[in-house]
Amino acid sequence: MRNKIVAGNWKMNNTLEQGVTLASEIVNMVANELTDDVKMVLCTPYIHLSSVSKIIGDAEKISLGAQNCNDNLKGAYTGEISVDMLKSVGVEYVILGHSERREYYGESNEFLAGKVNTVIEAGLTPIFCCGETLETRERGAHFDFVTNQLTESLFHLSVENFSKIVIAYEPIWAIGTGVTASKEQAQEMHEKLRAHIAKKYGTEIADGTSILYGGSCNPKNAADLFAQKDIDGGLIGGASLKSRDFVDIGKSY
Ligand code: PGA
């Protein structure tokens, strides 16, 4: 049985006050409404983490996540945040390799391989993002492109460490655009990724790896997507900023 995960990526949105309100609403709704065995993850901006951690408290179905971290453990890296700092405020998940970080901050597959190591060695769970541009898909190169992202950033890991990874397939053309991949397109890619993992690590590990879909996922399309056999949940941007929408997505299995 794979873990079902719905992670909200708040990106660079919300003041602390707004974030606290949003997190409180989500925690209450989840406690009252979420009956399925789903893990909801709140990936907030760094400055929200400590406050949101207290709001989550020991709520069973909600965990705290960060959107990034530094690949070094400590030292003279002005403006950066380490895995130990994240752990000290209760973070359990770290989004790595989001396409916005790849595009705006030049994070390559090779560089991300190092960050993956840092996060796993710290005992945190990476939510590793992959996904192609529209141009790559239209050239018919999307399967090779996305499987190669896994190969170059993850396939150096031991079986034991790979089994700690969560993957999020996020076609770049679907992020924040309102254009969602169809359930067939998403399922097709998830199946390819699982087969790629199976070739390297065996079917047992591949079958146990949670692969989330991201890209304009909302309460209307989530149920169709999550019903696909290789889609284990979602990484949610825009819709995670509205408590009602985010929790409704969590209830879409
Ligand atoms: P979106 O973002 O849901 O707003 O498309 C998804 C993401 O970037 O993780």
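The values are calculated or read from the model by the stated rules, or taken from the named source; none is laboratory data. Nothing here was measured: the structure is a model prediction, and the numbers come from that model. Glycine gets a Cβ as well: all are built from the backbone with ideal geometry, and neighbour counts include every protein chain shown. Accessible surface is based on the protein model in full, side chains and every heavy atom, while ligands, DNA and RNA are left aside. Shrake-Rupley method; radii C 1.70, N 1.55, O 1.52, S 1.80 Å.
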Leu96's amide H: which non-local residues (gap 5+, or another chain) put their own amide H closer than 5 Å, with H modeled 1.01 Å from N in plane and none for Pro or chain starts? Ile127, Phe128, Cys129
Taking only complete DSSP H runs, can you tell me which helices of the chain stretch 24 Å or more along their own long axis by Cα positions and average at least -1.0 on the Kyte-Doolittle scale? 16-33
Counting only residues 5 or more places away or on other chains, whose amide H sits under 5 Å from the amide H of Glu170 once H atoms are built in the peptide plane? Cys130, Gly131, Gly214
Take Thr35, Thr180 and sort them by solvent-accessible surface of the protein heavy atoms, 1.4 Å probe, largest at the top. Thr35, Thr180
GNM on the chain, C-alpha springs below 10 Å: top fluctuator among Leu16, Leu42, Leu154? Leu16
From the phi of every residue in region 64-75, what ³J(HN,Hα) in whole Hz does the Karplus formula 6.51 cos²θ - 1.76 cosθ + 1.60 yield, where θ is phi - 60° and glycine or proline is x? 9, x, 9, 9, 5, 6, 8, 7, 8, 7, 6, x
Simple spin-label model, 7 Å along Cα-to-Cβ: Val179 to Asn28 in nm? 3.9
How much length, in nm to one decimal, is gained on full extension between Asp224 and Arg139, taken as 0.36 nm per residue of separation minus their Cα-Cα distance? 27.9 nm
Probe 1.4 Å, all protein chains present, accessible-area order of Met85, Met1, largest first: Met1, Met85
Need the full-extension length gain, Tyr104 to Asp84, defined as separation in residues times 0.36 nm minus the C-alpha distance. One decimal, nm. 4.7 nm
Using the Cα centre of region 4-250 as the reference point, and only Cβ charges (+1 on K/R, -1 on D/E), how large is the resulting charge dipole? Debye, rounded to the nearest 20. 140
As a test, work out the antiparallel percent of DSSP beta bridges whose residues both lie in the chain, rounded to the nearest 5. 0
Where in region 114-134 is the amide nitrogen less than 19 Å from a point lying 7 Å along the Cα-to-Cβ axis of Asn72? 114-122
Place +1 on the Cβ of every Lys and Arg and -1 on the Cβ of every Asp and Glu in the chain, take the dipole about the Cα centre, and give the residue among Val146, Leu212, Cys43 whose Cα lies farthest towards its positive end. Cys43
Among Asn14, Tyr253, Val27, flag the residue with its Cα farthest along the positive direction of the charge dipole of the chain, charges on Cβ as +1 for Lys/Arg and -1 for Asp/Glu. Val27
Ignoring everything but the protein chains, give the 1.4 Å probe accessible area of Val89 in square angstrom, nearest 10. 40
Calculated from backbone phi, Karplus (6.51, -1.76, 1.60) coupling profile of region 130-136 in Hz, x at Gly/Pro: 9, x, 10, 7, 4, 4, 5
In terms of the alpha carbon gyration tensor, root eigenvalues a ≥ b ≥ c, rounded if a/c is under 1.5 and otherwise prolate when a/b exceeds b/c or oblate, region 1-109 is prolate
Accessible area, probe 1.4 Å, largest first, for residues Asp230, Asp58, Asp36: Asp58, Asp36, Asp230
Residue (of Thr133, Val159, Tyr201) at the positive-pole extreme of region 4-250, dipole from beta-carbon charges: Thr133
Heavy atoms of Arg244 accessible to a 1.4 Å probe, total area in Å² rounded to 10: 90
For Ala141, residues with placed amide H under 5 Å, excluding near neighbours: none
If each of His156 and Glu17 carries a label point 7 Å out from its Cα toward its Cβ, how far apart are those two points in nm? 4.6
